[in-house]
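All of the numbers you see were taken from the coordinates with simple rules; none came from a lab. Predicted, not measured: the structure shown is a model, and the values here were computed from it. A quick note on method: Cβ atoms are made from the backbone with ideal geometry, for glycine too, and the neighbour counts reach across all protein chains shown.
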Amino acid sequence: MKSILAKIRTAARQRRLSKMTPDAVFSRIYQRNSWGDDESLSGKGSNLAVTEKLREELPGFLTKHNVSSMLDIPCGDFNWMRAVDLGDVSYIGADIVPELIEGNQKFADDTHQYQILDLIKGPLPKTDLVFTRDCLVHLSTNHIKRTIETIRASGATYLMTTTFPQSGTNQDILTGEWRPISLTRPPFSFPDPIDLILEEPPAGKRSYPDKAMGLWRVDDLPAT
């Protein structure tokens, strides 16, 4: 019975998602707190505990690669990134959900700005680094390819984004669902990343030990 009910719920969700635009999908997730986390409306992946290793390594990583400006998209509710010492790096936090950006304005200062931007459609401001964590895993294959072209058009030097190096075949999904992706495998076929931070998330039901933030030069990404 549970299996049948689960299939019915999945089918209903997919019918709904197939009729929605990405901005409507992610606004609905935010408004309903669909990822069900007490600490962050951006979901359990934005908890301080889950991001501990990434928070520790990111400042030195940015210095190592001479990053002086970055676009964090989607920035969500800025729950974990505000605990990172970015030094003099010029930071733009952007999201497709207007309510999130409105809430983040209280963190704005000389080095932190927040904007409503659509990663799929663009345009995006030019920065040294486009930082896109836990996003492509929620996008359809077509939307990922459009996103890569949008990033390429921005003139950014680097893309840093979530990848699962040990993942097998990349499945397609409806935007708003989730699956692990390995960006070096088809249909994306990125080259090996030039650098990588292995996140080492705490063990748990949805924990993937190979989850990482890979760094690529945008000019090295294959045309989609």
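Would you calculate, for the chain, the mean residue ellipticity at 222 nm contributed by helices, counting each DSSP H stretch of 4 or more residues as -39,500 (n - 2.57) and dividing by all residues, to the nearest 500?
Dividing the helical sum by the residues of the chain leaves -8500 deg cm²/dmol.
Dipole of the chain (Lys/Arg Cβ +1, Asp/Glu Cβ -1, origin at the Cα centre): which of THR157, MET81, PHE26 lies farthest to the positive side?
Most positive-ward Cα: PHE26.
So which of LYS64/LYS121; LYS19/LYS121; LYS44/LYS145 end up more than 23 Å apart, counting from Cα to Cα?
Too far apart for the 23 Å limit: LYS64/LYS121; LYS44/LYS145.
In debye to the nearest 20, how big a dipole does the chain give about its Cα centre with +1 on each Lys and Arg Cβ and -1 on each Asp and Glu Cβ?
I would put it at about 1400 debye.
State the antiparallel share, in %, of DSSP beta bridges confined to the chain, rounding to the nearest 5.
35
Sticking with the crude label model, points 7 Å out along Cα→Cβ, report the distance from TYR208 to SER68 in nm, one decimal please.
3.5
Sort 22-32, 59-69 for me by packing, meaning the mean count of neighbouring Cβ atoms within 10 Å per residue, highest on top.
Ranked by mean Cβ neighbours within 10 Å, highest first: 22-32, 59-69.
Nearest 10 degrees, 0 to 90: what angle lies between the long axis of helix 2-18 and the longest principal axis of the chain (Cα atoms)?
Once rounded, one gets 50 degrees.
Which whole-number percent is the relative contact order of the stretch 74-224 (Cα, under 8 Å, 6+ apart)?
19
Mind giving me the FRET efficiency for SER3 and ASN33? R0 is 25 Å, r the Cβ-Cβ distance, nearest 0.05 is fine.
0.40
Once Lys and Arg get +1 and Asp and Glu get -1 on their Cβ, which of SER167, PRO98, ILE4 lies farthest toward the positive end of the dipole of the chain?
ILE4
What ranking, highest mean first, results for peptides 172-179, 132-139, 153-160 when packing means the other Cβ atoms within 10 Å averaged over each residue? Mind dumping the intermediate values first?
Details: 172-179: 16.0, 132-139: 21.0, 153-160: 19.4.
Ranking the peptides 172-179, 132-139, 153-160 by packing returns 132-139, 153-160, 172-179.
Sorted by average packing, counted as other Cβ atoms within 10 angstrom per residue and highest first, what order do 94-102, 115-123 take?
94-102, 115-123
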